[in-house]
Amino acid sequence: MHSPHLLSINDLSKVEILEILDTARELARITDGSMKKLPTLRGRTVVNLFFEDSTRTRLSFEAAAKRLSADVINFSAKGSSVSKGESLKDTAQTLEAMGAELIIIRHSSSGAAQRLAESGWVKSHIVNAGDGMHEHPTQALLDAFTIRNHFPEHDRDFTGLRIGIVGDILHSRVARSNALLLTALGAKVVFIAPPTLLPVGVEKWPVEISYNLDQELSTLDAVMMLRVQSERMSDAFFPTEREYARDFGLGTQRLKALKPQAIIMHPGPMNRGLEISAASADSPQSVILEQVANGVLVRMAVLYLLMGGASVPTEGVLV
Ligand code: CP
């Protein structure tokens, strides 16, 4: 990776995306046996700086750092001096004074990670773990890693794969990062959503647009269902939850329309019964828990490449 930070998929070339995915695969291979930990980041300190709630991203970054033997400081805005008015600058500098060398930040403001990286407030590497409605680059990387595992014939290139991203595109940093990454790898991406849940200017994105899930289902190799982000909705974006589920939910009936080898994805957390039925989430075609497991590997690769080294480790460094 040429940049000291990971802020956006736009920071990465196709070669760098493949470098991260290959490193994650190699890390999976060498930690697959009984030896789970690598000494690569021993004595180094990583901070999880989370101003928004998270289960998967925060815990998987923590697991990733620990598997590389780094020390981890977890900061959650809830219960911190942020409630007393402490700024992002002072919070980050305080954590760096405690030894932070890499800061993983999640924030409700789009651009917060970039601001921290470009401000000069801290010298740490910065990793964007989700900034407002902007980007979630490590989610897109773990999604690509998961897709690649299921379509090994597309190991270096996703040309020929058609991937549907369905639902609340408007509020989704996952959709934006995936659109950038999957198209960079050559996939065709189709956003499938009601017009009210598509962002202004979406026609300039490198994606197809559809308003009809049923028309698309049989054409897709992967269907990525997005969470309806009610907490970001101040207005009504659809008439009722029942109508949303009927038109844009991956209900049990729609499972039958999928190609047999198509995979069902969801970044989590899921609203079961709204954007995805329990039967779909738990079906044999669902790879949702694989996505979670792959998140640890991909985040290990990101930490390793930003802090550790330039080449993939070998068995010789296992502890
Ligand atoms: N996919 C994702 O970002 O999940 P969390 O909000 O639980 O981290």
Taking M98 as the residue in question, decide whether it is more than 16 Å from the ligand (Cβ to nearest atom), modelled with pLDDT of 95 or more and not small (G, A, S).
yes
In the list I147, I169, I126, I163, which residue meets the criterion of being modelled with pLDDT of 95 or more, within 21 Å of L59 (Cβ to Cβ) and among the β-branched types (V, I, T)?
I126
Does segment 49-57 contain any residue that is closer than 16 Å to M300 by Cβ and within 16 Å of the ligand (Cβ to nearest atom)?
yes
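Before we move on, is L258 part of a loop (DSSP other than H, G, I, E, B), in contact with a strand residue (DSSP E or B) (Cβ under 8 Å, 6 or more places away or on another chain) and either in contact (Cβ under 8 Å) with a residue 12 or more places away in the chain or not β-branched (V, I, T) (or both)?
Details: part of a loop (DSSP other than H, G, I, E, B): yes; in contact with a strand residue (DSSP E or B) (Cβ under 8 Å, 6 or more places away or on another chain): yes; either in contact (Cβ under 8 Å) with a residue 12 or more places away in the chain or not β-branched (V, I, T) (or both): yes.
Answer is yes for this residue.
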Conditions (1) within 16 Å of the ligand (Cβ to nearest atom); (2) in a helix (DSSP H, G or I); (3) touching a residue at least 12 places away in the same chain (Cβ under 8 Å): number failed by E231
(3)
Take the residues in segment 64-89 that are surrounded by fewer than 17 Cβ atoms within 10 Å (Cβ to Cβ), of a type in the set (G, A, S) and in contact (Cβ under 8 Å) with a residue 24 or more places away in the chain, then tell me which one is farthest from the ligand (Cβ to nearest atom).
S69
Restricting attention to segment 251-292, which residues are touching a Leu at 6+ places or on another chain (Cβ under 9 Å) and small (G, A, S)?
A257, A262, S277, A279, S280, A281, S283
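Considering only residues that are of a type in the set (S, T, Y) and within 20 Å of I288 (Cβ to Cβ), which ones fall in segment 53-78? Outline the logic, then answer.
At the first step, the residues of segment 53-78 found to be of a type in the set (S, T, Y) are 54-55, 57, 60, 69, 76.
Across segment 53-78, the qualifying residues are S54, T55, T57, S60.
Tell me whether segment 267-281 contains one or more residues that are assigned to a helix (DSSP H, G or I) and within 16 Å of the ligand (Cβ to nearest atom).
Let us first name the residues in segment 267-281 that are assigned to a helix (DSSP H, G or I), namely 278-281.
Filter once more, keeping what is within 16 Å of the ligand (Cβ to nearest atom): 281.
The answer is yes; a qualifying residue exists.
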Show the residue pairs that are 6+ apart or on different chains and have beta-carbon atoms under 8 Å apart, the first residue being within segment 1-25 and in a helix (DSSP H, G or I), the second being at pLDDT 95 or above and of a type in the set (S, T, Y).
I9/S177; T23/Y304
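Which residues, counting only those in segment 183-198, are under 28 Å from E16 (Cα atoms) and assigned to a loop (DSSP other than H, G, I, E, B)?
Step one: filter segment 183-198 for residues under 28 Å from E16 (Cα atoms), giving 183-191.
Passing the criteria: L185, G186, A187.
Test of understanding: among F237, F248, which residue is modelled with pLDDT of 95 or more and touching a Leu at 6+ places or on another chain (Cβ under 6 Å)?
Working: F237 fails: modelled with pLDDT of 95 or more.
Answer to the check: F248.
Taking segment 262-312 as the region of interest, how many residues are under 30 Å from S124 (Cβ atoms), free of Cβ contacts under 8 Å to residues at least 24 places away in the same chain and within 17 Å of the chain's Cα centre (by Cα)? Walk me through it before giving the result.
Going through segment 262-312, the residues under 30 Å from S124 (Cβ atoms) turn out to be 267-269, 291-312.
From the residues that got through so far, the ones that are free of Cβ contacts under 8 Å to residues at least 24 places away in the same chain too are 293, 310-311.
Within this subset, residues satisfying the condition of being within 17 Å of the chain's Cα centre (by Cα) are 293.
Qualifying residue count for the region: 1.
Can you confirm whether L59 is within 17 Å of the chain's Cα centre (by Cα), at pLDDT 95 or above and surrounded by fewer than 17 Cβ atoms within 10 Å (Cβ to Cβ)? Reasoning before the result, please.
Values: within 17 Å of the chain's Cα centre (by Cα): yes; at pLDDT 95 or above: yes; surrounded by fewer than 17 Cβ atoms within 10 Å (Cβ to Cβ): yes.
Criteria met by L59.
Given L180, L217, which one is outside any loop (DSSP other than H, G, I, E, B), among the aliphatic types (A, V, I, L, M) and either surrounded by fewer than 20 Cβ atoms within 10 Å (Cβ to Cβ) or under 16 Å from the mean Cα position of the chain (by Cα) (or both)?
On the way: L217 fails: either surrounded by fewer than 20 Cβ atoms within 10 Å (Cβ to Cβ) or under 16 Å from the mean Cα position of the chain (by Cα) (or both).
Exactly one of L180, L217 is outside any loop (DSSP other than H, G, I, E, B), among the aliphatic types (A, V, I, L, M) and either surrounded by fewer than 20 Cβ atoms within 10 Å (Cβ to Cβ) or under 16 Å from the mean Cα position of the chain (by Cα) (or both), namely L180.
The values are calculated or read from the model by the stated rules, or taken from the named source; none is laboratory data. It should be emphasised that the depicted structure is a prediction, and the values quoted were computed from it without experimental measurement. In this analysis, Cβ positions are derived from the backbone assuming ideal geometry, glycine residues included, and neighbour counts consider all displayed protein chains.
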